[in-house]
Each structure stands twice: as C-alpha cells, then as structure tokens.
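**Student:** I'd like to ask you about the structure that follows.
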Amino acid sequence: LIGATRMLLVGLDGNISADTAAPGKSGEAFAFPALLQAAAINDKGTALATLNGRVYWIVVVPVRAPVTIAFIAACIPVNDALLEKLRAISSLPRSVTLASLGADGRWIVNAKTAAHRRHISLPVAAHLAASEAALVRENGSQYLTVTAPLKTAAGSVPVVAIMDYPLGEALAAYRSLIGPMVLVLCFG
C-alpha cells in the first residue's frame, strides 16, 4: 500500500531482528539510530537515506504492546516511477534527477524523470553546502540547471537533486513584457 520494498524489525537495542532484504541475516546495528530516537519521542522518524547504493524514504515507527517493544522501518524506494509521480503532481520542472555519492567519490544517478537530458552535470563533492545554478547547452537547446543538496539521515551519504529548466520555457513568461517595455522606453 505504501510502496515499501524493504521492511526491517529493529529491537530496542538498535539491532536488526528481521530484514525482508536478507531474511536469515540479523543482529547488525540499524544504520540510522537518530531515526529510532525520533520514533521513540515523536511516534515516527522519517528521512531520506541511502542503503546499498539506493535512495529510500525511510519511515520508522514504534511497535507497542502497550509499551514500545521494537521498531519497524519501512524503506520506500525513491526510484524513477516515484520521482515521475511527484513531478506530475507538483510544479517541478520537466527534468529531475537524484544522485548519491558513491564509495569511490563519484556520483551515482539513482532516479530520474522520464524527460531528462542525456548528459547530466553532477557537482563536485566538495561543493555540496549550497545550491548551484549553471547554464548548459545540449543539442542546440539551453537549460538552466540547478543542483541542490537534499537533507538526509545522519549516517547516510549525500544526495543531490538536479533540476533542468529549458531556458526558453523559463523566459516565456517574460517575453510578453518585452514589447510594452520597449515602447515605454522609446516613448520616454
């Protein structure tokens, strides 16, 4: 129903008791203890995070009987389909790409919308503190590319969103103002 592809049962000690991705494997520490603390205090802990090179929206809730006896972590993949759904119901541009930093220091494209540029400009890992904008030319068209770091769970690798706006579409709203402004300037 919620689209989770991986579920984890985490004990009060912070160790994984059961994992749908690795049925026989348990006893490892849950990678995001801050989410467990948030779930214990606020009845839920949520964050964007990476597991095994994939980006997930992780939701952690306590299991009560009537006191907390464990936590359940649902991992909802942020994949091409989810990103396209979000783009369709919001005012996001036509092209959105999510990338995470790999262990080798290179960016890995994790998800992208259906309409995307072929060559994606990924940021330098050292410049992740703030959003960056650049003008990019591809196949005779110009795009305004904005790269923004996304807030992730403590212990997760960095994730960035790369949004491309076709420059023609971005400036289309202002084209109708150019003629009247030129007339006013000429008259003045």
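The values are calculated or read from the model by the stated rules, or taken from the named source; none is laboratory data. Predicted model, so just to flag it, every value in this text is computed and none were measured. As a convention, Cβ positions derive from the backbone with ideal geometry for all residues, glycine included, and neighbour counts pool all protein chains shown. Just so you know, the surface numbers come from the protein's heavy atoms only, side chains and all, with ligands and any DNA or RNA stripped out. Shrake-Rupley method; radii C 1.70, N 1.55, O 1.52, S 1.80 Å.
**Student:** Checking the a/c ratio against 1.5 first, then a/b against b/c, what shape does the Cα gyration tensor give for the chain? Intermediate values should be presented prior to the final figure.
**Tutor:** Numbers: a/c = 2.96, a/b = 2.39, b/c = 1.24.
Taking the square roots of the gyration eigenvalues as a ≥ b ≥ c, the chain is prolate.
**Student:** Which FRET efficiency, nearest 0.05, do M7 and A148 yield, Cβ-Cβ r, R0 25 Å? It would help to have the intermediate numbers written out before the result.
**Tutor:** Working: r = 30 Å, r/R0 = 1.19.
It comes out at approximately 0.25.
**Student:** Using R₀ = 41 Å, calculate the FRET efficiency as 1/(1 + (r/R₀)^6) where r is the Cβ-Cβ separation of A40 and A173; round to 0.05.
**Tutor:** 0.30
**Student:** In Å², what does the accessible area per residue of the chain work out to with a 1.4 Å probe? Show your work: numbers first, answer last.
**Tutor:** Numbers: 11230 Å² over 188 residues.
Each residue of the chain exposes 60 Å² on average to a 1.4 Å probe.
**Student:** In addition: Could you tell me how far the Cα centroid of segment 12-63 sits from the Cα centroid of segment 127-188, in Å?
**Tutor:** 36
**Student:** A further question on this structure: What does a probe at V157 reach in segment 56-81, counting residues whose amide N is under 15 Å from the point 7 Å along Cα→Cβ?
**Tutor:** In segment 56-81, the label zone of V157 (backbone N under 15 Å from the point 7 Å along Cα→Cβ) covers 56.
**Student:** Leaving out ligands, DNA and RNA, and with a 1.4 Å probe, what % of the accessible surface on the chain is carbon or sulfur? Present the calculation step by step, with values, prior to reporting the outcome.
**Tutor:** Details: 6920 of 11230 Å².
Using a 1.4 Å probe with all protein chains present, the chain comes out at 62 percent carbon and sulfur.
**Student:** Another question, if that's okay. What is the helix-to-structure angle for 33-42, meaning the angle in degrees between its Cα long axis and the longest Cα principal axis of the chain, kept from 0 to 90 and rounded to the nearest 10?
**Tutor:** 90
**Student:** Also: Be a star and scan segment 57-78 for residues whose amide nitrogen sits under 18 Å from the point 7 Å along the Cα-to-Cβ vector of K85.
**Tutor:** 57-60, 74-78
**Student:** Calculated FRET efficiency, R106 and V67, Cβ-Cβ r, R0 45 Å, to nearest 0.05?
**Tutor:** Numbers: r = 46 Å, r/R0 = 1.01.
The formula returns an efficiency of 0.50 here.
**Student:** Rounded to the nearest 500, what is the chain's calculated 222 nm mean residue ellipticity when only DSSP H runs of at least 4 contribute -39500 (n - 2.57) each, over all residues? Write out the running numbers ahead of the final one.
**Tutor:** Details: 3 runs with 41 residues, N = 188.
Result for the chain, helices only: -7000 deg cm²/dmol.
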